[in-house]
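The values are calculated or read from the model by the stated rules, or taken from the named source; none is laboratory data. What you see is a predicted model; the values in this text were computed from it and never measured. Every residue, glycine among them, receives a Cβ derived from its backbone with ideal geometry; neighbour counts consider all protein chains shown. Note: accessible area is taken over every heavy atom of the protein model, side chains too, but ligands, DNA and RNA are not part of it. Shrake-Rupley method; radii C 1.70, N 1.55, O 1.52, S 1.80 Å.
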Amino acid sequence: QVQLVESGGGLVQPGGSLNLSCTASRSILGILTMDWHRQAPGKQRELVATDTRGVPQTMLDSVKGRFTISRDNAKNMVNLQMNSLKPEDTAVYYCHAWYLGVNYWGQGTQVTVAS
């Protein structure tokens, strides 16, 4: 089993930055893929960025060049650095891991971009 805990969300002005962290309850060396998703009010959850064994990939076109995913195996963490934030980035951000055929989700962290 894997427990995921997100942190780092909050209120930020447009153009600002936030760094989200996801800490796993076990070593992530054996976890092939970890990623970040987000869900805005009234919208479906969408995949933002994924890390597959240390190879990062930003999946969402609207955040390419602004968001970067990174994995820290020593700290059992996956981070999402978000720069040049826009109001449309407002959402609950979720950490996800797929491990031994099971999907694991964190509880989510709220990101609000507003002036």
Check your understanding: What FRET efficiency comes out for the pair residue 70/residue 100, r = Cβ-Cβ distance, R0 = 30 Å, nearest 0.05?
Key -> 0.80
Exercise for review: Provide the FRET efficiency to the nearest 0.05 for the residue 33-residue 110 pair, computing r from the beta carbons and using R0 = 25 Å.
Suggested key: 0.55
Exercise for review: Compare 56, 41, 87 in a GNM of the chain, Cα atoms joined below 10 Å, and give the one with the largest fluctuation.
Suggested key: 41
Review point. Among the lysines, which have Cα under 27 Å from the Cα of residue 43 when same-chain residues fewer than 8 positions away are ignored?
Key: 64, 86
Check your understanding: Taking θ as phi - 60°, what are the ³J(HN,Hα) couplings along the stretch 13-27 by the Karplus curve (6.51, -1.76, 1.60), each to the nearest whole Hz, with x for Gly and Pro?
Key -> 6, x, x, x, 10, 9, 10, 8, 10, 10, 9, 9, 7, 9, 4
Check your understanding: How far is it, in nm, from the label point at residue 1 to the one at residue 84 when both lie 7 Å from their Cα along the line to the Cβ?
Key -> 4.3 nm
Check your understanding: In the full protein assembly as shown, how much of residue 64 is accessible to a 1.4 Å probe, in Å² to the nearest 10?
Key -> 110 Å²
Check your understanding: Taking 0.36 nm per residue of separation and subtracting the Cα-Cα distance, what length does fully extending residue 62 through residue 17 add?
Key -> 14.6 nm
